[in-house]
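Working notes, beginning with the structure itself.
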Amino acid sequence: MSKRDYYEVLGVSKSASQSEIKKAYRKMAIQYHPDKNPDDKAAEEKFKEAAEAYDVLSNTEKKQRYDQFGHAGMGNRGGGGMNMDDIFSQFGDIFGGGGSPFDSFFGGGSRGGRRTQKGSNLRIKLKLNLEDVANGVDKKIKVKKLVQAEGVTYNTCGNCGGSGQVTRVSNTILGQMQTSVACPSCSGLGKSIDKRPKGSDANGMVQKEEVVSINIPSGVEDGMQLKVSGKGNAAPFEGYAGDLIILIEVEEHPTLKRENNNLHYDCYISLTDAVLGNDIVIPTISGKAKIKIDAGTQSGKILRLKSKGLPSLNGYGKGDLLVHINVWTPQNLSKDELKIFKGLKDSKSFVPNPTSSDKSFFERVKDMFN
Ligand SMILES: [Zn+2]
């Protein structure tokens, strides 16, 4: 599934303004509109591709996410982008109201017919731990949603004959004008309810629990939203379902702290290990790891374990694990131990003498972010 870059699809630069994006899309929508290219699969694909690109780039929040994470950030995994109804409902925005001005571009009201209802979106919170973030995870989630009740049937609306529209003739100073309006008895749906099973609501819908399988990509962040198309509430009158929006919550890890794709670990070593050196075992996100503490290691030293951090959401590269060394100063010494330290009190090698290689804390932090 190699998706083209949305900017490339619309032929605009990354710095294009909203009005440039709109203009570019409008041009493509006219060029590849299915009414203008009947039975042309390639044109239809282009049409859909452009609509999807516009859907993202015209929305500040989506655009920001796309700019940051690319296609991976859109959470549209496995979803086939937008369906035609999504696209046509977008035209109200692009061509100013209602969708009918668009039809007039092609001189035929073929799209101005029946209105299709869209089910509402469902939102759920999903708690993940840091291991889930590191590896990605498949989750099965129970969601309560509206579905069409079993056995519900619909009638074709008698008033409009199922077209959803009725024609009105009015007399104006320019002569008789024919206008199409949404059918008042079916609200433009072209259908009315026929058989409504017991327990269903006025639209023949019932609440039902469903298990949805979702695939969470690795590298997601706390507060991110993923969209599973078509897994929200179903729409009455055989419309199309809304989306399931998953709000990601990442739980704090007991020992590892996250900073973008890097992880940080506060490591305490004994005074003797700092002086003599030793191999010690530390936790990482993928199990334990052995690290070497050199003899004469100073407190505050940061060891960088390459690629032991979290994968990035776009699939390129991994962060690092930064191990912050803290030397544990012993407390509550025994008499014998005190005696040893007292004996070392005036030892020359115990006098602090930082060299230029022993950078200050602030210098090290500065290095870390460069
Ligand atoms: Zn009707």
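The values are calculated or read from the model by the stated rules, or taken from the named source; none is laboratory data. Predicted, not measured: the structure shown is a model, and the values here were computed from it. Cβ sites come from the backbone with ideal geometry, for glycine too, and all protein chains shown count toward neighbours. For accessibility, only protein heavy atoms count, side chains too; no ligands or nucleic acids. Shrake-Rupley method; radii C 1.70, N 1.55, O 1.52, S 1.80 Å.
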### Message
If you take every DSSP beta bridge fully contained in the stretch 218-345, what fraction is antiparallel? Give it as a percent rounded to 5.
### Response
70
### Query
Which of the lysines could a cross-linker bridge to Lys348, judged by Cα under 27 Å and excluding same-chain residues fewer than eight apart?
Lys292, Lys301, Lys335, Lys339, Lys359
### Message
Can you give me the distance in nm between label points at Asn59 and Glu249, each placed 7 Å from the Cα along the Cα-to-Cβ direction?
### Response
2.3
### Task
Kindly flag which residue pairs out of Lys62/Lys208; Lys63/Lys125; Lys125/Lys145; Lys144/Lys318 have an alpha-carbon separation exceeding 25 Å in this structure.
Lys62/Lys208; Lys144/Lys318
### Query
Quick one: Karplus J couplings for the stretch 8-17, per residue in order, coefficients 6.51, -1.76, 1.60, θ = phi - 60°, nearest Hz, x for Gly and Pro?
5, 4, 8, x, 10, 7, 5, 9, 4, 7
### Task
Scan the stretch 239-312 for GluC sites (Glu not before Pro) in coil per DSSP, keeping those whose Cβ has at most 13 other Cβ atoms within 10 Å, and list them by number.
Glu251, Glu252
## Note on the structure
When the chain is treated as a Gaussian network with springs between alpha carbons less than 10 Å apart, the largest mean-square fluctuation among Gln225, Gln176, Gln31 is found at Gln176
### Task
Roll a 1.4 Å probe over the protein chains and send me the accessible area per residue for the chain in Å².
60
### Query
Among the DSSP beta bridges whose two residues both lie in the chain, what percent are antiparallel, rounded to the nearest 5?
75
### Message
Given a 1.4 angstrom probe, I'd like the percentage of the accessible area of the chain that is carbon and sulfur, rounded to a whole number.
### Response
49
### Message
Ignoring everything except DSSP H segments at least 4 long, calculate the 222 nm mean residue ellipticity for the chain; use -39,500 (n - 2.57) per segment, divide by total residues, nearest 500.
### Response
-7000 deg cm²/dmol
#### Entry: Listed residues Tyr54, Tyr316, Tyr268, Tyr32 arranged by accessible area, highest first, probe 1.4 Å
Tyr316, Tyr268, Tyr32, Tyr54
### Query
How about the stretch 152-211: which trypsin sites (Lys or Arg not before Pro) there are in a DSSP loop, with at most 13 other Cβ atoms within 10 Å of their Cβ?
Lys198
### Message
Straight-line reach from Lys290: which aspartates and glutamates fall under 20 Å, measuring Cα to Cα and dropping same-chain residues less than 8 apart?
### Response
Glu131, Asp266, Asp273, Asp279, Asp320
### Overall dimensions of the chain by Cα: Rg and Dmax, Å
31.5, 113
### Task
Just tell me which aspartates and glutamates come within less than 14 Å, Cα to Cα, of Lys345; anything on the same chain fewer than 8 places away is out.
Glu337
### Summary
The long-range amide H neighbours of Lys3, using H built 1.01 Å from N in the peptide plane and a cut-off of under 5 Å, are none
### Query
Counting only residues 5 or more places away or on other chains, whose amide H sits under 5 Å from the amide H of Trp328 once H atoms are built in the peptide plane?
Ile269, Ser270, Leu271
#### Entry: Cα convex hull of the stretch 291-363 - mean projected area over all directions, nm²
7.8
### Task
Starting from the Kirkwood radius over alpha-carbon pairs of the stretch 157-227, derive D by Stokes-Einstein at 37 °C in a medium of 0.692 mPa s and give it in µm² s⁻¹.
192
